[in-house]
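S.K.: After the structure tokens below, expect a handful of questions from me.
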Amino acid sequence: MKAHPSSAVAVTPTVEYAVSQVHIPARDDGTSPELARTAAKLADRLGVRRIWHVNSTATGGGVAELLWSGIARQQALGLPVGWLIADAEPAFFQLTKRIHHGLHGRVDHAFTEHDARLYEVSTTRSAAQLAEFVRPGDLVVLHDPQTVGLAPHLVAGGVKVAWRCHIGTRANVPAVAATWAFLRRYVEAAPRCVFTVADYAPGYLAPGRVTVITPSIDPESPKNRHLSQAECVELLAGIGLLRSPDLATGAPNQGDDPVGYVVQDQPLPEGVPVVTQVSRWDPLKDLAGVLRAFAEGIAPHSPAHLLFAGPDPADIPDDPEGAGVFAQLRALRQALPAEIRRRVHLAVLTLRHQTANALAVNAIQRYSTVVVQKSLEEGFGLTATEAMWKSRPIVASAVGGLLTQLTHGAQGLLVEPDDLTGFADAVSGLLANPVRAAELGAAAHRRCREEFLAERESADYLALYDRMSGN
Ligand code: UDP
């Protein structure tokens, strides 16, 4: 691939921040014959050409989650699909995290010339490195703002490109407009752009170039497959969240290679209701809001405990804020009165052992009495969909993708993100009314089965590839 003619920045590729390929273990799930036929026709049409997905991390967050199962499923359909990771320097990921917050309407500072140069240099370097894998005529799906900068280079090199943006907001605020303006020349270079919600697309994109694909979950993956109550208990005891029957101390029995660690005064008492939020340690997940609502509005009315579970920040290179947000939450917990603090548990789960991590999250979600997702903004909350699949009653914020994932009062409860009292009341109400909670959980499972499973997303991808290959 040639460099994009307008890129004026000289780039010396370094091996330190390289593009690398993720190898996904083969799987052979049953799939619908119709999908298999469509895939066979597409593979035929592609001939020697390949399909690539490119993002910036193989672990942590919803995009990596989607790619692991989505690509494995497409490979099982016989499609020549591969996955590339474009690594970059910490300063680049600090910038792209600001872009991420900007597209959620949450930062107001302008982007500088220096930001523009950094973005251009880093993505130009990644584009040059991609040439080792990608050939003219190949199909490339770029994911999120970290990679849209590759679009002009790839298009100039004869590659068929789509950009899938997993984030966004309906809020029409200056920060969003400024961020879309910053990305404009890259976004416009992609012949096709994919959004989770049509309204997330910037105004400068002609509607004909926009495709909507709703994210999905894989019901057979370790994250979502059925676990018995006994398996959940064993997995939670393995992390130290429950007292292990074998250990009087409650210390986790994890050997030298732990699944994670827990910050708590004591393990969860047996049979106590548990309110859980699973998320990255990110300011937009409003962990402090959840803690406050629990301390002031939930704990006084219920014996429930509160559990935060999230990935070890050290394992997510493209999210530089995690360690700081976790440290703040830990300090807030520490400052609580002892009676409340002993009911708050933080579980930090390593992503180095992917299956163990997924099983731990699965067990935590299934063990929870109520699952919450109190995001201030959320492109699409996969954790909510995962909880829906597990028939959990959910209290989430009435924002972004969460509004399209569940209907208030039908498959869960939605509360305005700044309404802490409303949030606490909604959780308390479900804790006090297990019959209502079970009804919402059952309806959530049905909705998930109908709309949010991986087979539907595979079909959407096949349609996207079909359009891209014709572009
Ligand atoms: N997750 C995980 N391990 C953890 C914590 C979270 O695999 O220790 C997963 C979680 O199950 C979900 C994803 O990370 O699949 C988070 O996706 P979501 O869309 O909720 O939020 P994002 O992180 O993309 O903002």
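The values are calculated or read from the model by the stated rules, or taken from the named source; none is laboratory data. No experiment lies behind these values; they were computed from the predicted model shown. Because the Cβ atoms are built from the backbone with ideal geometry, glycine has one as well, and the counts that use them run over all protein chains shown. All accessible areas refer to the heavy atoms of the entire protein, side chains included, with ligands and DNA or RNA removed. Shrake-Rupley method; radii C 1.70, N 1.55, O 1.52, S 1.80 Å.
S.K.: What FRET efficiency comes out for Asp108 versus Ser469 if R0 is 56 angstrom and r is the Cβ-Cβ distance? Round to the nearest 0.05.
M.R.: Working from the Cβ atoms, E equals 0.85.
S.K.: Could you give the size of the charge dipole of segment 125-212 about its Cα centre, using +1 on the Cβ of each K and R and -1 on the Cβ of each D and E, expressed in debye and rounded to the nearest 20?
M.R.: The calculated dipole for segment 125-212 is roughly 100 debye.
S.K.: Out of Thr421, Leu142, Ala110, whose Cα points farthest toward the positive end of the dipole of the chain (charges: +1 Lys, Arg; -1 Asp, Glu; placed on Cβ)?
M.R.: Towards the positive end, the residue furthest out is Leu142.
S.K.: At what distance in nm do the modelled label points of Glu132 and Arg436 sit from each other, each positioned 7 Å from its Cα along Cα→Cβ?
M.R.: 5.7 nm
S.K.: Could you tell me the number of lysine pairs in the chain with C-alpha atoms less than 30 Å from each other, where the two lysines are 8 or more residues apart or belong to different chains?
M.R.: 13
S.K.: Please identify which residues in segment 139-177 have an amide N closer than 13 Å to a label point set 7 Å out from the Cα of Val212, following the Cα→Cβ vector.
M.R.: Answer for segment 139-177: 170.
S.K.: Determine how large the accessible area of His408 is when every protein chain is in place; take a 1.4 Å probe and give Å² rounded to the nearest 10.
M.R.: Estimated to the nearest 10 Å², His408 gives 110 Å².
S.K.: Would you please name the GluC sites (Glu not before Pro) within segment 266-374 that are DSSP coil residues with at most 12 other C-beta atoms within 10 Å of their C-beta?
M.R.: Answer by residue number: Glu270.
S.K.: May I pose another question? Give the relative contact order (percent, whole number) for segment 150-212; include only Cα pairs under 8 Å separated by 6+ residues. Please list the in-between numbers first.
M.R.: Details: 71 pairs, mean separation 24.4, N = 63.
Contact order relative to length: 39 percent.
S.K.: Using a probe of 1.4 angstrom, how much of the accessible area of segment 308-453 is carbon and sulfur, in percent?
M.R.: It is 55 percent, rounded to a whole number.
S.K.: How big is the dipole moment of the chain about its Cα centre under a simple scheme where the beta carbon of each Lys and Arg is +1, that of each Asp and Glu is -1, and everything else is neutral? Debye, nearest 20, please.
M.R.: That gives the chain a dipole magnitude of about 820 debye.
S.K.: What's the FRET efficiency of Gln229 with Gln334 using the Cβ-Cβ distance as r and R₀ = 30 Å, to the nearest 0.05?
M.R.: For Gln229 and Gln334, the calculated efficiency is 0.40.
S.K.: Further, regarding this structure: What spacing in nm lies between the two simple spin-label points modelled at Ala198 and Lys41, each 7 Å away from Cα in the Cβ direction?
M.R.: 2.5 nm
S.K.: Moving to a separate point now. Which peptide among 209-217, 221-229 comes first, and what is the full order, when sorted by highest mean count of other Cβ atoms within 10 Å?
M.R.: Those peptides, ordered most packed to least, come out 209-217, 221-229.
S.K.: Which Cα, out of Ala331, Ala171, Cys193, lies furthest along the positive dipole direction of the chain (beta carbon charges, K/R +1, D/E -1)?
M.R.: Cys193
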